[in-house]
There are 2 protein chains.
Amino acid sequence: MFDGTHLPDLDPAERRARLRLARTPRIGPASFHEALSHFGSARAACVRLDAVPERRILQEEKALAGLGGRFLVLGDAAYPAALAALPDAPPVLSAVGDTGLLGRPMLAVVGAREASLAGRRFAAELSTQLGAAGFVVVSGLARGIDTAAHEAALATGTVAVLAGGIDQVYPLQNAGLHDMIAKRGLLLCESPLGTPPIARAFPRRNRIVSGLSAGVVVIEAAARSGSLITAQRAAEQGREVFVVPGSPMDPRYGGSNDLIREGAILTRDINDIISVFGRPQCRPQAPEKQAEIPHDSATERVLGALGTVPTAVDELVRRCQVSAATVAEVLLALELEGRLERHRGNRVSLM
Amino acid sequence: MFDGTHLPDLDPAERRARLRLARTPRIGPASFHEALSHFGSARAACVRLDAVPERRILQEEKALAGLGGRFLVLGDAAYPAALAALPDAPPVLSAVGDTGLLGRPMLAVVGAREASLAGRRFAAELSTQLGAAGFVVVSGLARGIDTAAHEAALATGTVAVLAGGIDQVYPLQNAGLHDMIAKRGLLLCESPLGTPPIARAFPRRNRIVSGLSAGVVVIEAAARSGSLITAQRAAEQGREVFVVPGSPMDPRYGGSNDLIREGAILTRDINDIISVFGRPQCRPQAPEKQAEIPHDSATERVLGALGTVPTAVDELVRRCQVSAATVAEVLLALELEGRLERHRGNRVSLM
């Protein structure tokens, strides 16, 4: 899977036709593949179906170029090979950033938005190690585990797959991270520019996260959670599913433990992943110093980092990348609202 | 395994010879079985080997009867069938209590001495449910998980297997529980009366815990822990091994997660056990009101119930079966020593 065998470059007219077909309303990936197979080519399909005109494609392509991006059309040499092999491969991806990452071995790290600080720390440590071992870390730019994974892998290579258009920043608190991944990693999405990230786009996004990757690491998936569904789809795609276990008394691990019962690989640390894939041959770039993330909302960050397990205030400052004074202010406000508990050793937790 | 097929009762002379052979110094279970197979019978073996005289057996039998106990000799109808099938079956067991429990389906519940309160609560809840489902709960009377399992199953049926002689109370803090199990459950051991519980007796004891049982449930086994070894031996005996998972960040689950990786059954609740064995046909006795445990050392009990996760003082009082005033006194002393942390909601934890 790592030495992607690329198709020869597409004929330019067929490439434009694929873009037109893919952007035609009500033609999803399934209809696209069906049309291609039925008519023999997108060019033939565009003649028979009421495909959008070419100028619409040129408009979007120009706007995308304005953001420093470009299309990856199914059949392009740069289109990721593992994804191309799926029966529901996205006909077109929009890409902003370093598409060279797509030629390297990729692993997805996904999990709960409402993750514990311990879970996010695990995600960060594992992603740093995966990066150092030569893997590109793929995730969905959501709060919680996704954010921890992207941040930790920014220096070595990370791909964020968005549910909306590539210009749609979601969640807003990750605006800084979105921007940094565009500059130093790679943003990918299936939706056209300007498409808001509506609810039903997330499962479609998740199939791309796992489809790009040789395996998916799941950290803190509750029963009936999105991460659980992602993992089940990943298994259907033939991807390895690695799951970090937790106590049956902690509902954050309900789905995780179910997955291990269903045959996913119980994962204690990076060695459980290396023992399946080995260490990739290609070396990552040397890690650079991580840039400061702009402060969107200090309260949101601090709240996001707090859990019911006591956490050192120093650790909060470090994790939230917000000044110690701001953290102290936020904690005081939470305490006055009766939401914060203080513990010895300058530690705090949510009530 | 549940409908134990018993051998016909032993010939009285052969039975006495087996007791003499088993009590002969330097004849362990392996030598016993070898002698039996080589000489054809214990009677023949006693003639050729320098077996202890019969009066030594009569002395021990009389002393055991004084404690309300009796011998179960390999070959006796009352000797547990599952244990008899092992190649290293104990030649003789000493039994005090209700040997009728040995005819019912048994499951072992084992784990860390230094268990968390959450782990002990899990052990207690599971053992209560296993008892209600018709299983006898077998364990080793150690601190932590073993104690929680025995206490919870006292009303429905529990078997404690001791490492030393049946008159040896170990650990001392479980003197009350030892006594209650003698009266309402069953104490078993392989060692002669008066044998202290030396270190190398514990692995031998553990093979009996698992050997009696259809399966072993492991709760909080650290890497290289005794519970881990018990589970591995149980698997070698052909017993089902059920393991409760935990976070890889918690060293109390290092061995547990390793066991699941090696093929043990990830266990979330009693349903994961029932789905293997079903619910036994024979019904347990109706649960009786649990007697008060005598107070050995209130401090030890309170310490044993405390962990780094905040616990309600009310819960401590309930768990420790010590008066609220005594618990308050112990907590104050711990606080003055700087070992206790207090939290909102009348909760406390160790520093």
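Can you find even one residue in region A:335-344 that is more than 18 Å from B:Arg342 (Cβ to Cβ), assigned to a loop (DSSP other than H, G, I, E, B) and small (Gly, Ala, Ser)? Reasoning before the result, please.
As a first pass, look at region A:335-344 and keep what is more than 18 Å from B:Arg342 (Cβ to Cβ): A:336-337, A:339.
Subsequent filtering for residues that are assigned to a loop (DSSP other than H, G, I, E, B) retains A:337, A:339.
Still in the list and also small (Gly, Ala, Ser): none.
Checking region A:335-344: not a single residue is more than 18 Å from B:Arg342 (Cβ to Cβ), assigned to a loop (DSSP other than H, G, I, E, B) and small (Gly, Ala, Ser).
Here's a check for you: in region B:60-102, which residue that is open to solvent by 30 Å² or more (accessible area, probe 1.4 Å) and acidic (Asp, Glu) is nearest to B:Leu154 (Cα to Cα)?
The extreme case among them is B:Asp98.
Condition first: open to solvent by 10 Å² or more (accessible area, probe 1.4 Å) and within 14 Å of another protein chain (Cβ to nearest Cβ). Can you find one or more residues in region B:207-222 that meet it?
Within region B:207-222 (the criterion being open to solvent by 10 Å² or more (accessible area, probe 1.4 Å) and within 14 Å of another protein chain (Cβ to nearest Cβ)), the answer is yes, since at least one residue qualifies.
Pick out the one residue from B:Arg23, B:Arg48, B:Arg104, B:Arg70 that is modelled with pLDDT of 95 or more and more than 20 Å from the chain's Cα centre (by Cα). Break it down into steps so the answer makes sense when it comes.
Details: B:Arg48 fails: modelled with pLDDT of 95 or more; B:Arg104 fails: more than 20 Å from the chain's Cα centre (by Cα); B:Arg70 fails: more than 20 Å from the chain's Cα centre (by Cα).
The unique qualifying residue is B:Arg23.
Going by the structure shown, is B:Val169 of a type in the set (A, V, I, L, M, F, W, C), within 25 Å of B:Val302 (Cα to Cα) and within 18 Å of the chain's Cα centre (by Cα)? Break it down stepwise before answering.
Values: of a type in the set (A, V, I, L, M, F, W, C): yes; within 25 Å of B:Val302 (Cα to Cα): yes; within 18 Å of the chain's Cα centre (by Cα): yes.
So B:Val169 fits the description; yes.
For residues in region B:240-259 being in contact with a helix residue (DSSP H, G or I) (Cβ under 7 Å, 6 or more places away or on another chain) and facing another protein chain (nearest Cβ under 7 Å), which is surrounded by the most Cβ atoms within 10 Å (Cβ to Cβ)?
In this case the residue turns out to be B:Val244.
When you scan region A:260-280, how many residues do you find that are of a type in the set (D, E, K, R) and either open to solvent by less than 20 Å² (accessible area, probe 1.4 Å) or more than 11 Å from chain B (Cβ to nearest Cβ) (or both)?
Final tally of qualifying residues: 2.
Could you run through region B:156-194 and say how many residues are open to solvent by less than 40 Å² (accessible area, probe 1.4 Å) and in contact with a helix residue (DSSP H, G or I) (Cβ under 8 Å, 6 or more places away or on another chain)?
Of the residues in that region, 20 qualify.
If you go through region A:214-228 one residue at a time, how many are over 23 Å from A:Phe277 (Cα atoms) and under 15 Å from the mean Cα position of the chain (by Cα)?
1
Consider B:Ser247 carefully, then state whether it is over 22 Å from the mean Cα position of the chain (by Cα), modelled with pLDDT of 85 or more and more than 27 Å from A:Ala118 (Cβ to Cβ).
Details: over 22 Å from the mean Cα position of the chain (by Cα): yes; modelled with pLDDT of 85 or more: yes; more than 27 Å from A:Ala118 (Cβ to Cβ): no.
Against the criterion (over 22 Å from the mean Cα position of the chain (by Cα), modelled with pLDDT of 85 or more and more than 27 Å from A:Ala118 (Cβ to Cβ)), B:Ser247 does not qualify.
Where residues in region B:301-342 are open to solvent by less than 20 Å² (accessible area, probe 1.4 Å) and within 11 Å of chain A (Cβ to nearest Cβ), which of them is farthest from B:Ala175 (Cα to Cα)?
Looking at residues that are open to solvent by less than 20 Å² (accessible area, probe 1.4 Å) and within 11 Å of chain A (Cβ to nearest Cβ), I get B:Glu341.
Test B:Leu193 against the criterion of being at pLDDT 95 or above and over 14 Å from the mean Cα position of the chain (by Cα), and give yes or no. Even if it seems obvious, please write down each step before you answer.
Working: at pLDDT 95 or above: yes; over 14 Å from the mean Cα position of the chain (by Cα): yes.
Yes: the conditions hold for B:Leu193.
The values are calculated or read from the model by the stated rules, or taken from the named source; none is laboratory data. Bear in mind that the values here come from a model prediction, so they are computed numbers and not experimental data. Here the Cβ is made from the backbone with ideal geometry for all residues, glycine too, and neighbour counts use every protein chain on show. With ligands, DNA and RNA removed, areas are computed over all heavy atoms of the protein, side chains included. Shrake-Rupley method; radii C 1.70, N 1.55, O 1.52, S 1.80 Å.
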